[in-house]
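Read the structure below first, then the notes.
The values are calculated or read from the model by the stated rules, or taken from the named source; none is laboratory data. Remember, predicted model here, so these are calculated numbers, not experimental data. Virtual Cβ from ideal backbone geometry, glycine too; neighbours counted across all protein chains shown. With ligands, DNA and RNA removed, areas are computed over all heavy atoms of the protein, side chains included. Shrake-Rupley method; radii C 1.70, N 1.55, O 1.52, S 1.80 Å.
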Amino acid sequence: MIVTIDGPAGAGKSTVAKALADRLGFDYLDTGAMYRAVALAGLRRGIDWTRPEPLAELARRLRLQWVANRILVDGEDVTEAIRTSEVTAATRYAADHPQVRAHLVALQRAAASGRNVVAEGRDQGTVVFPDAQCKIFLTASPAERARRRVRDLEAQGERAAFDKVLAAIQRRDHDDSIRPVGPLAKAPDAIEVPTDGLSVEEIVDRLVSMVAARR
Ligand code: DC
């Protein structure tokens, strides 16, 4: 069974998707981490983002692996390294790139093939798994999402000003929604779950019931 969780940046998708996968005994597929991993590799190699071909080639050559919910690139654990603001800002070059997307979408489908998976991203219910049995679209107001992001960044030791984080979230919402390939969009058959004011446990409880109803 495939459960997709899509939604804007900072809506709590990762925390919720991970907890939901744990509760269900499913694998968790963090597709944002894949776009981030390509961006990190590009930054490290000093890639010219304005030239499409080297980035496509780089993405195709990277060996992306999941080991116990940690992401490895060419054998190196980059789970923390892909979460910095620098990588977050560069990720749009990977996410906006049609060939990079096509490659990562193929990897995502292969990773889920024949498995029970909670797949999290922007295009999971629309593009990657249009036939998923349960599709969730997780939302929260921009201010709530900015508050959560500030907390996350501070937990990683990065100092963050609320206004700057809010502006960055609004910019990413814009970038995510106008992307010509794989834009952030709610699939017509996805259930929208607004999360303002709800705890992670409350959200996960709701999702577990939704999945159970569709199994
Ligand atoms: O969920 P995240 O913040 O880790 O995602 C990082 C970026 O990758 C985000 O700006 C949008 C992009 N992304 C995407 O385009 N498609 C996905 N399936 C997942 C993420």
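Once both labels are modelled 7 Å past Cα along the beta-carbon direction, what's the R63-M1 spacing in nm?
Rounded to a tenth, the inter-label distance reads 3.5 nm.
Grab the Cα-Cα distance for E158 and E201, subtract it from 0.36 nm times how many residues apart they are, and report the gain in nm with one decimal.
Separation in residues times 0.36 nm, less the Cα-Cα distance, equals 12.9 nm.
Rounded to a whole number, what is D in µm²/s for the chain from Stokes-Einstein with the Kirkwood radius over alpha-carbon pairs (20 °C, 1.002 mPa s)?
123 µm²/s
Could you state the principal axis extents of the C-alpha atoms in segment 117-215, from the largest down, to the nearest angstrom?
The Cα atoms of segment 117-215 stretch 43, 35, 21 Å along their principal axes.
Over the chain, what percent of the accessible surface lies on carbon and sulfur atoms, probe 1.4 Å?
Ligands and nucleic acids excluded, carbon and sulfur give 51 percent.
So what is the 222 nm mean residue ellipticity for the chain from helices alone, if each DSSP H run of at least 4 adds -39500 (n - 2.57) and you divide by all residues, rounding to the nearest 500 deg cm²/dmol?
Result for the chain: -16000 deg cm²/dmol, rounded to the nearest 500.
Take the alpha carbon atoms of segment 1-33, find their center, do the same for segment 82-121, and report the distance between the two centers in whole angstrom.
Result: 13 Å between the Cα centres.
Using a 7 Å offset from the Cα along the Cα-to-Cβ direction at both D77 and Q99, what is the distance between the two label points in nm, to one decimal?
3.3 nm
Only loop residues by DSSP count here, and only those with at most 13 other Cβ atoms within 10 Å; note down the GluC sites (Glu not before Pro) in segment 46-124 that meet that.
E80
Kindly provide log₁₀ I(q)/I(0) values, in the same order as q = 0.15, 0.20, 0.29 Å⁻¹, from the Debye equation applied to equal alpha-carbon scatterers of segment 135-182.
Here the Debye-derived log intensity ratios amount to -0.46, -0.73, -1.05.
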